[in-house]
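Below is one structure, written out as structure tokens; the observations come after it.
The values are calculated or read from the model by the stated rules, or taken from the named source; none is laboratory data. Bear in mind the structure is a predicted one, so any value in this text is a computation, not a measurement. Side chains are part of the model used for accessible areas, which takes the heavy atoms of the whole protein and leaves out ligands, DNA and RNA. Shrake-Rupley method; radii C 1.70, N 1.55, O 1.52, S 1.80 Å.
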Amino acid sequence: CLPENQKVLAARSVKELNRAGRGIVGTVWDNDRQVLNDMGITDLIQAPTFPSLIKMILAGRADWIPMEASNQPGMERIMEGKRFVPVPGIRFSLIESRHFMVSRNAPDGEEIFTALQKGLRKLSRQGFIRAMLNATGFHETDRLGWETLNQDAVDRRRSQASPTR
């Protein structure tokens, strides 16, 4: 949110965030919208492009936008020439994963899949993947002990996760 939005900055729960102001997401941010709705966010609007999301906040038509942590000092971002800051102490998880698609029917599909798995394991063992996530600020809120507002959904997802091929 904008650093002067004291109502949003003071929110520490979904209930308080709902009272503090209106959230905004992109029209194609289906996962974000679903997670926020499942959490109980009740006042959420949409805009078609990222610049329009920011302009809606600057115009006072929305108060906050869900975004990943920044690796900048204070995890702030400069967008459309204005400073945006995270709501301290709270976060939510999108409860998603990243996948690589490799067709078994493609020429060398099995070999490509095997090489991809081997490479990902090696990068993980070397700490490269974690280092890249840390460099983007991904784990910053972990270090600060911020509360995950949808921790119950995160825990359910972890308990259901199983390696698939």
| field | Residue-averaged [θ]222 nm for the chain, counting only DSSP H segments that reach four residues, each worth -39500 (n - 2.57) | value | -12000 deg cm²/dmol
| task | Could you state the accessible area per residue of the chain in Å², with a 1.4 Å probe and every protein chain left in place? | result | 66 Å²
| query | For the stretch 39-94, what % of the accessible area comes from carbon and sulfur atoms, probe 1.4 Å? | reply | 51 percent
| message | From the convex hull of the Cα coordinates of the stretch 1-96, what is the mean projected area in square nanometres? | response | 5.8 nm²
| said: With a 1.4 Å probe and all protein chains kept in place, how much accessible area does SER103 have, in Å² rounded to the nearest 10? | reply: 60 Å²
| Top of GLN46, GLN34, GLN117 by mean-square fluctuation, Gaussian network on the chain, Cα under 10 Å | GLN117
| note | As straight-line cross-link partners of LYS15, the qualifying lysines (C-alpha separation under 16 Å, not fewer than 8 residues apart within one chain) are LYS7
| task | Output the direction-averaged projected area (hull surface divided by four) of the convex hull of the alpha-carbon atoms of the chain, in nm². | result | 11.6 nm²
| Which angle between 0 and 90 degrees, to the nearest 10, do you get for helix 109-125 versus the longest principal axis of the chain when only C-alpha atoms count? | 60 degrees
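What translational diffusion coefficient, in µm²/s and rounded to a whole number, does the Stokes-Einstein relation yield for the stretch 50-103 at 4 °C and a viscosity of 1.567 mPa s, taking the hydrodynamic radius as the Kirkwood radius over Cα pairs?
Using the Kirkwood radius from Cα pairs, D works out to 97 µm²/s.
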| request: Considering Cα pairs under 8 angstrom that are at least six residues apart, work out the relative contact order of the stretch 1-67 and quote it in whole percent. | output: 41 percent
| Accessible-area ranking of VAL154, VAL28, largest first, probe 1.4 Å | VAL28, VAL154
